[in-house]
Amino acid sequence: MLPLARQCTIAILHSILNYHAKYASRYKYRLQTLSETVKAAESDDSIHGLVLHSAVPNIFSAGLDLKEFHKPDENRLPLYWHAFQQLYIDLYGSRLASVASIRGHTIAGGCILAMLCDYRMFASPPQATTTATNGSYNIGLNESRLGIVCAPWLAQLYIDTIGRRDAELALARGTLFNANDALQVGLVDQLVEMTHDDAILEAAQSYLRSWVAEIPSAARADSKLWFRKPRIDDLIRHRQSDADDFCAFMTQEHVQNNLQVYIDSLAKSRQKKGSS
């Protein structure tokens, strides 16, 4: 289970799916561990809210591990996808009020993780600055740039978040939104000016405390599930066929070739940064 910082009626979950090469052997378990942590928080009747916040500067979540998809192990790939489905079921349908405290790039799987929360706060730089190191981050689903087609239930999540037309264009183009554009399309709910390092976490905690204090928990949870349960039930009904379709798609030669090109481009980019 991942560490939970308990603060009265809310809990803060740090270090979310932040991938590093030296942890590769453990990374496949992080999805399952995150699900278990959400369920553990839910099991405590005194906890009513959850803040998702990265302990790594400039990255909210590294998302899913491309190494699981590139030349995949045919036995492990369906298990990995099953764990991702389970995270969707557990977090999207949680009784807890959840706020994503986003202080970093939030791309692909990281963006999905944020959309599973009830409210998204996104760091924006102080008005006098515009550099990335001061909080000008990107968010979105860029799978099409990798030659990957978004799974139907994830595409539906995007549609439910930003609307059909914006989602259709964003998925087709692999659009990554800056803070202002993300707010405009509804991908995030609030921008928080990063006047100091903990500004967004403090704002998320304040918002969540107010929310769970003002609204009876049963009414809040039931209202959320009224919208979300049909989506969750649909995935559960088609869970195996979705996994089969995803694995069949990912193992196609042209998909693997596209992934190889993308991975090679990342390696070249790191080499250039290392030599500069």
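Remarks
- The residues on offer are Ala151, Ala167, Ala179, Ala172, and the sole one that is open to solvent by 30 Å² or more (accessible area, probe 1.4 Å), on the phi < 0 side of the Ramachandran plot and of a type in the set (A, V, I, L, M, F, W, C) is Ala172.
- Qualifying residue in the stretch 95-103 (condition: hydroxyl-bearing (Ser, Thr, Tyr), assigned to a strand (DSSP E or B) and under 22 Å from Ser43 (Cβ atoms)): yes
- So Leu87, is it at negative phi and either assigned to a loop (DSSP other than H, G, I, E, B) or open to solvent by less than 30 Å² (accessible area, probe 1.4 Å) (or both): yes
- Failed criterion for Asp197 (all others in (1) open to solvent by less than 90 Å² (accessible area, probe 1.4 Å); (2) at pLDDT below 95; (3) closer than 22 Å to Ala114 by Cβ hold): (1)
- Here Ser241 meets the list (1) assigned to a helix (DSSP H, G or I); (2) more than 24 Å from Leu96 (Cβ to Cβ); (3) open to solvent by 60 Å² or more (accessible area, probe 1.4 Å); (4) of a type in the set (S, T, N, Q) almost entirely, failing just condition (3).
- Here the condition is being touching a Ser or Thr at 6+ places or on another chain (Cβ under 8 Å) and within 24 Å of Gly93 (Cα to Cα); of Ala219, Ala204, Ala172, it holds for Ala204 alone.
- Scope the stretch 198-225; condition in contact (Cβ under 8 Å) with a residue 24 or more places away in the chain and polar (S, T, N, Q); matching residues: Gln205, Ser217
- Residues located in the stretch 92-119, provided they are in contact with a strand residue (DSSP E or B) (Cβ under 7 Å, 6 or more places away or on another chain), farther than 24 Å from Gln256 by Cα and open to solvent by less than 20 Å² (accessible area, probe 1.4 Å): Leu96, Ala97, Ser98, Val99, Ala100, Ser101, Ile102, Gly104, Leu113, Ala114, Cys117
- Filter result for Ile232 (surrounded by 18 or more Cβ atoms within 10 Å (Cβ to Cβ), among the β-branched types (Val, Ile, Thr) and in a helix (DSSP H, G or I)): no
- Selected residue (criterion: nearest to the chain's Cα centre (by Cα)) from residues of the stretch 45-63 that are open to solvent by 40 Å² or more (accessible area, probe 1.4 Å) and modelled with pLDDT under 90: Ala62
- Residues considered: Ala248, Ala203, Ala219, Ala213. Of these, the only one that is part of a helix (DSSP H, G or I) and within 21 Å of the chain's Cα centre (by Cα) is Ala203.
- Subset tally (residues that are open to solvent by less than 80 Å² (accessible area, probe 1.4 Å), small (Gly, Ala, Ser) and at pLDDT 85 or above) for the stretch 1-44: 3
- Restricting attention to the stretch 33-59, the residues that are in a loop (DSSP other than H, G, I, E, B) and closer than 15 Å to Ile200 by Cβ total 4.
- For Arg145, the requirement of being surrounded by 22 or more Cβ atoms within 10 Å (Cβ to Cβ) and of a type in the set (Lys, Arg) is not met.
The values are calculated or read from the model by the stated rules, or taken from the named source; none is laboratory data. Only a predicted model underlies this, so the values are computations on that prediction, with no experimental measurement involved. Note: ideal-geometry Cβ built from the backbone for every residue, glycine included; neighbour counts use all protein chains shown. Accessible surface is based on the protein model in full, side chains and every heavy atom, while ligands, DNA and RNA are left aside. Shrake-Rupley method; radii C 1.70, N 1.55, O 1.52, S 1.80 Å.
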